[in-house]
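Below is one structure, written out as structure tokens; comments come after it.
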Amino acid sequence: MALKDLIVDSGKVTEAALEEIISGYVKYELNPCAIVFTPEGSALGNMEKVIVYCASILGWRYAVDDPPSVSTKPADLEDILGIPGGTLRPLLKRLKDNHILAVSEGHYSIRPSNLAAAGRIVSGKKNLATFPSKSKVVKAAKSNVRSDAVLSGNTKSKKKAGMPIKASLESLLGEGFFSEFRTLAQILERLHELAVNAKITSLSGPAADLVRHKKLERKKVKENGKQIWAYRASQS
């Protein structure tokens, strides 16, 4: 094998290689451009969901003539994928340390040179626990397991996330609170009025999940000079 055989040109990543990773898990929507998870994709584990989404972004080059620019900073991925930051950030670090993802100016992307390894993780044939790893990666893995346990309700932790917050948002939806666009700060204030113990960082994931299920819709609004997401009941 010559050294030139080890060179991977990201501009020549094959459509087939990407399709092998994302097929059955996502759909591409146009006007506006959006990547939408299928029921099978929504059922993926957090790590697999991150890999599939990042691979899907690379796949835009085959879906449209003018691929959209997609922001993939941790806050964006948390909002899009519905994975709380405390779980997502250690996971991104593990994927970066294992060279599945690359990061540039805070944005994460799939490494074209390791698409095959990424595909094996998604298919269940490989997991990061079997990759050569340093002690800090092992610690991150243990931290991620604890975070997943808390989210799934399998521990006695006082922290509750996911379904309780989502159920509270659905209750607000039923009472007409979302008849107009509401920011996360406004939603948090209403939940506190109802004696629901929540933090603003725990709202974005469940709210985004309701958007994906067409129960809410969202748009960017300007508040205090910043562009932030606001949510209302779906009009479709």
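What follows draws every value from the coordinates through simple rules; no lab data is involved. Note that this is a predicted model, so its numbers are computed, not measured. Every residue, glycine as well, gets a Cβ built from its backbone with ideal geometry; the counts of neighbours run over all protein chains shown.
The table below gives the values:
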{"quantity": "Computed label-point distance, nm, for sites Lys219 and Thr38 using a 7 Å Cα→Cβ extension", "calculated": "3.2"}
{"quantity": "Of Lys27/Lys96; Lys125/Lys215; Lys199/Lys222; Lys27/Lys125, those spanning more than 32 Å from alpha-carbon to alpha-carbon", "calculated": "Lys125/Lys215"}
{"quantity": "Cα→Cβ-extended label distance, 7 Å offset, between Ser109 and Leu30, nm", "calculated": "2.4"}
{"quantity": "Residue-by-residue Karplus 3J(HN,Hα) for the stretch 217-231, coefficients 6.51, -1.76, 1.60, Hz, glycine and proline x", "calculated": "10, 9, 8, 7, 10, 9, 9, 6, x, 10, 8, 10, 7, 10, 10"}
